[in-house]
Amino acid sequence: MGRKSKADVRKKEILEHFYIILKEEGFENASIAKIANLMDVNPSLLIHYFKTKEEMVFAFVEFLLSRYEETFKEKMFNSEDPQERFDNTLNTMFSEDWLNFSEQTVFYACYYLSSRHARIKELFQEMYNKFKELLIPEAQSWMKAGIIKEADPESVADYLIVMNEGLTYFDKLMSDSDGFKRRAKYLKVSVIKTLTT
């Protein structure tokens with residue numbers, strides 16, 4: 001695996017600072033000048049790497065979604081045993097750690113932008129398709145091991161993603177930690193029952 005170029009390292013640093021500004025001020029108030037100020041650099045440095053705020057937004061969405069993909073793999077699929085992988089997947093998807101992994105307001109702000117920008121929509125589609133590509137063989141291995149009933153693996157992947165997204169979206173609106181725990185526990189039990197009986 002090759003070393004990252006200086007440009008890649010600098011871009012990542014800029015995007016991490018962009019993330020801080022987005023959490024604090026939202027997309028509508030974020031600017032190249034504010035990011036440069038936070039980094040204590042001249043705005044021209046940022047413009048060298050990202051010609052416009054829109055270009056930076058596209059790169060940021062790619063950055064954010066790649067973090068999600070890395071977390072999918074790290075937290076869910078870190079065992080050889082199908083039962084453990086099944087348990088890890090559900091425990092992760094219906095956990096507060098997953099909910100708190102990324103600032104949900106930033107994620108959903110990007111998600112909203114997908115309705116207005118074809119490129120951002122494509123990036124979200126790529127993320128969900130990658131997630132499905134990870135879950136489909138998992139579903140097949142769970143079926144082969146007798147953990148879940150026979151079903152279309154793609155439908156199992158879609159079902160898990162929809163249940164997870166619904167939970168996190170609803171929770172962001174409710175902002176109720178005890179309510180999240182109750183809903184997450186109920187949904188997890190419901191998913192297990194649906195997939196296994």
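No lab work stands behind these numbers, since they all come straight from the coordinates. For clarity, every value in this text was computed on a predicted model and none was experimentally measured. Neighbour counts run over all protein chains shown; Cβ positions are idealised from the backbone, glycine included.
For the pair the range 102-166 and the range 28-51, the centres of their Cα atoms are 33 angstrom apart.
Of the three principal axes defined by the Cα atoms of the chain, the extents in descending order read 60, 42, 28 Å. Rounded to whole numbers, the Karplus 3J(HN,Hα) couplings from phi for the range 143-159 are 5, 4, 7, x, 7, 10, 6, 5, 7, 6, x, 5, 5, 4, 4, 4, 4 Hz, using 6.51 cos²θ - 1.76 cosθ + 1.60 with θ = phi - 60°, and x at Gly and Pro. Modelled label positions at GLU16 and LYS172, each set 7 Å beyond Cα in the direction of Cβ, lie 2.4 nm from each other. Between LYS149 and ALA118, the FRET efficiency estimated from the beta carbon spacing at R0 = 35 angstrom works out to 0.35.
In this structure, the pairs whose alpha-carbon distance is over 21 Å, taken from LYS75/LYS130; LYS11/LYS130; LYS51/LYS130; LYS6/LYS121, are LYS11/LYS130; LYS51/LYS130; LYS6/LYS121.
Karplus-based coupling profile of the range 69-76, in residue order and whole Hz: 4, 4, 5, 3, 5, 5, 7, 8, with θ = phi - 60° in 6.51 cos²θ - 1.76 cosθ + 1.60 and x standing for Gly or Pro. For helix 104-113, what angle does its Cα long axis make with the longest principal axis of the chain, in degrees from 0 to 90 and rounded to 10? On a 0 to 90 degree scale, this one is about 80. Less than 14 Å Cβ to Cβ from ALA157, Lys/Arg counted +1 and Asp/Glu -1: what total charge do the surrounding residues give? Charge balance in the 14 Å sphere: -3.
With 22 Å as the limit, the listed pairs LYS12/LYS34; LYS144/LYS181; LYS73/LYS132; LYS149/LYS188; LYS144/LYS193 have LYS144/LYS181 beyond it between alpha carbons. Between the Cα long axis of helix 82-93 and the first principal axis of the chain there is an angle of about 50°, rounded to the nearest 10. Applied to the range 29-39, the Karplus parametrisation 6.51 cos²θ - 1.76 cosθ + 1.60 on θ = phi - 60° returns per-residue 3J(HN,Hα) values of 9, 6, 8, 4, 4, 5, 5, 4, 4, 4, 7 Hz, with x for Gly and Pro. Approximating the spin labels as points 7 Å out from Cα along Cα→Cβ, the ASP158-to-ASN42 distance works out to 5.4 nm. Projecting the Cα atoms of LEU38, TYR128, GLY179 onto the dipole axis of the chain, where Lys and Arg carry +1 and Asp and Glu carry -1 at the beta carbon, places LEU38 farthest toward the positive end. Helix 177-196 and the longest principal axis of the Cα set of the chain meet at an angle near 50°.
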